[in-house]
Amino acid sequence: MNWGVYEAAIRRWEAVLGRPTPHPTQPGNHGRPVLAPGFVEHLMGLAEGWVTDLSLPRTAQLRALGNGVVPQQAAYAVALLLDDLAELLDINTDTDHRSQTGQEVTAA
């Protein structure tokens with residue numbers, strides 16, 4: 001698959017997740033390509049099959065993914081909020097839970 005200008009980003013994300021990127025589309029009911037839930041699941045950094053292994057129609061899988069939260073973003077947001085809370089409560093913390101790369105965050 002030719003990812004064009006997104007090639008480098010796709011390859012980095014594959015390295016982070018440790019698995020290849022699935023094809024972004026699949027044949028729809030009328031033969032035209034439609035968005036593949038497995039591709040969305042992959043882009044969100046979810047475990048393979050987290051949503052797509054459920055016995056849901058494609059549209060329900062996409063709805064579930066669309067209403068979901070990207071785990072890495074949630075972890076980063078919680079870390080930021082904890083830092084703000086610690087500052088408000090004047091708690092000294094020696095560790096910064098924020099990732100320098102933005103790829104992962106260690107929970108407190």
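The values are calculated or read from the model by the stated rules, or taken from the named source; none is laboratory data. If you're wondering where the values come from, they're calculated on a predicted model, not measured in any experiment. Ideal geometry is used to build each Cβ from the backbone, glycine not excepted, and the neighbour counts take in all protein chains shown.
See the values below:
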{"item": "Selection count, the stretch 1-44, where residues are farther than 19 Å from Arg63 by Cβ and acidic (Asp, Glu)", "result": "2"}
{"item": "Every residue from the stretch 1-36 that is more than 22 Å from Val70 (Cβ to Cβ) and in a loop (DSSP other than H, G, I, E, B)", "result": "Met1, Asn2, Gly28, Asn29, His30, Gly31, Arg32"}
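Here's the yes/no breakdown for (1) at pLDDT below 90; (2) hydroxyl-bearing (Ser, Thr, Tyr); (3) surrounded by 10 or more Cβ atoms within 10 Å (Cβ to Cβ); (4) out of contact with any Cys (no Cβ under 7 Å at 6 or more places or on another chain):
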{"position": "Arg19", "(1), (2), (3), (4)": "no, no, yes, yes"}
{"position": "Gly28", "(1), (2), (3), (4)": "no, no, yes, yes"}
{"position": "Pro33", "(1), (2), (3), (4)": "no, no, yes, yes"}
{"position": "Ala64", "(1), (2), (3), (4)": "no, no, yes, yes"}
{"position": "Asn67", "(1), (2), (3), (4)": "no, no, no, yes"}
{"position": "Thr93", "(1), (2), (3), (4)": "yes, yes, yes, yes"}
{"position": "Thr101", "(1), (2), (3), (4)": "yes, yes, no, yes"}
